[in-house]
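Working notes, structure below.
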Amino acid sequence: MKVSGFTFVRNAVKYDYPVVEAITSILPLCDEFIVCLGKSDDATADLIAAIASDKIKVIHSVWDDSLREGGRALAVETNKAFDAVAPDSDWAFYIQADEVVHEKYLPAIRQAMEQHLSNKKVACLVLKYLHFYGSYKYVGDSRSWYRREIRVIRNDKNIRSYKDAQGFRALSSNVNGEGYKKLAGKLVDAYVYHYGWVRNPYFQSAKQAGFATLYNPNAPLTVAPHELFDYGNVSSLALFAGEHPKVMQARVGAMNWRFEFDTSKKRLPLKYKVLQWIESATGKRLFEFRNYKIIT
């Protein structure tokens with residue numbers, strides 16, 4: 001079994017992305033790792049070059065700044081990285097620049113890859129998510145956070161990054177006029193730790209301003225000077241009771257801002273409170289958006 005990892009990144013230093021931690025967290029599972037390195041305004045290239053592994057293969061890219069609606073540029077860059085995966089790889093493990101897999105979950109992911117290798121009906125593996133917010137001690141616990149997503153796919157170039165690169169779908173000529181169909185896969189009892197909402201408020205504000213240019217055609221390409229991001233505008237959080245991955249320990253220890261939240265307060269609209277109660281009581285999330293179909 002051969003496994004390739006892949007990701008894309010641009011301006012990781014400028015926006016304080018934990019991309020080195022992201023890559024190294026899944027590197028033990030990978031025989032190669034493709035980094036689609038966008039032309040950056042900072043030392044991102046040096047950051048990637050400093051990773052001490054001969055598995056890393058860098059391809060260089062210039063982002064198309066005309067793709068400024070719905071985050072489409074993110075999917076384009078994801079596909080560039082996936083298309084560079086070795087033809088003889090069986091699985092491709094996708095990780096975004098602000099996602100990290102705890103080392104304790106690597107055996108379960110490898111086992112799932114091996115178990116379903118010969119079953120071509122399994123087009124992907126779906127992983128669970130923890131979304132950290134404000135600091136490393138809080139996680140999002142409302143319905144606004146997606147709880148699962150595809151992160152391991154067959155090395156089948158008919159599979160494409162979908163919309164703004166949150167997940168993947170397969171090309172199809174006649175499915176609801178969209179041209180894509182959902183992938184069927186197995187759910188793995190392993191978590192991705194998403195740190196996209198945990199960074200110094202200065203960097204978070206800069207990242208959000210930069211991100212706006214990818215979703216809004218009317219947003220200025222040149223980002224204006226930014227103020228500190230306000231983490232207080234969140235409806236519901238829970239305390240994180242576990243431990244962070246080893247590769248994140250230095251970053252967690254270097255946290256240089258303070259954020260506190262009263263987890264007993266849930267500022268949710270009534271309909272979301274009802275849906276949240278149903279989910280807590282039954283374990284089922286009604287009306288959940290899914291890029292995938294789970295094979296039971």
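Of note:
- Near PHE203, once Lys and Arg are set to +1 and Asp and Glu to -1 for all other residues with Cβ below 10 Å from its Cβ, the sum equals +2.
- Estimated distance in nm for a label pair at ASP46 and LEU171, the labels positioned 7 Å out from Cα along Cα-to-Cβ: 4.0 nm
- Scanning the chain for DSSP H helices at least 20 Å long along the axis (C-alpha atoms) with a Kyte-Doolittle mean no lower than -1.0 picks out 201-215.
- Shown for HIS102, HIS60: other C-beta atoms within 10 Å of each C-beta, ranked fewest to most, produce the order HIS60, HIS102.
- Translational diffusion coefficient (Stokes-Einstein; Kirkwood radius from C-alpha pairs) of the chain at 4 °C, 1.567 mPa s, in µm²/s: 64 µm²/s
- Eligible aspartates and glutamates near LYS284 by straight Cα distance, threshold 19 Å, same-chain separation 8 or greater: ASP141, GLU149, ASP189
- Taking a sphere under 14 Å around the Cβ of LYS284 and counting the other residues whose Cβ falls inside, with K and R at +1 and D and E at -1, yields a net charge of +3.
- As a proxy for reagent exposure, ranking LYS14, LYS137, LYS121, LYS163 by other Cβ atoms within 10 Å from fewest up yields LYS121, LYS163, LYS14, LYS137.
- Sum of -39500 (n - 2.57) over DSSP H runs of 4+, divided by residues of the chain (222 nm, nearest 500): -7000 deg cm²/dmol
- FRET efficiency estimate (nearest 0.05) - Cβ-Cβ, LEU239 to GLU279, R0 22 angstrom: 0.75
- Residues of segment 1-23 with an amide N closer than 18 Å to a point placed 7 Å from the Cα of GLN115 along the Cα-to-Cβ direction: 1.
- Among 247-260, 149-162, the peptide with the highest mean count of other Cβ atoms within 10 Å heads the list, and the full ranking is 149-162, 247-260.
- Extension gain, ARG147 back to ALA84 (0.36 nm per residue minus Cα-Cα distance, nm): 19.8 nm
- Global dimensions of segment 22-107 from alpha-carbon coordinates: Rg and Dmax equal 13.7, 41 Å.
- Residues VAL188, VAL100, VAL76, ranked from the fewest to the most other C-beta atoms within 10 Å, line up as VAL76, VAL188, VAL100.
- Cβ-derived FRET efficiency at R0 41 Å, TRP257 paired with ALA184, nearest 0.05: 0.45
- Taking 0.36 nm per residue of sequence separation and removing the Cα-Cα distance, the LYS293/SER66 pair yields an extension gain of 78.5 nm.
- Within the chain: Cβ-based charge dipole about Cα centre, in debye rounded to nearest 20 (Lys, Arg +1; Asp, Glu -1): 1200 debye
FYI, it's all coordinate maths here, none of it is from the lab. These numbers were taken from a predicted model, which means no experiment stands behind them. Reconstructed Cβ throughout: ideal geometry from the backbone, glycine too, with neighbour counts over all protein chains shown.
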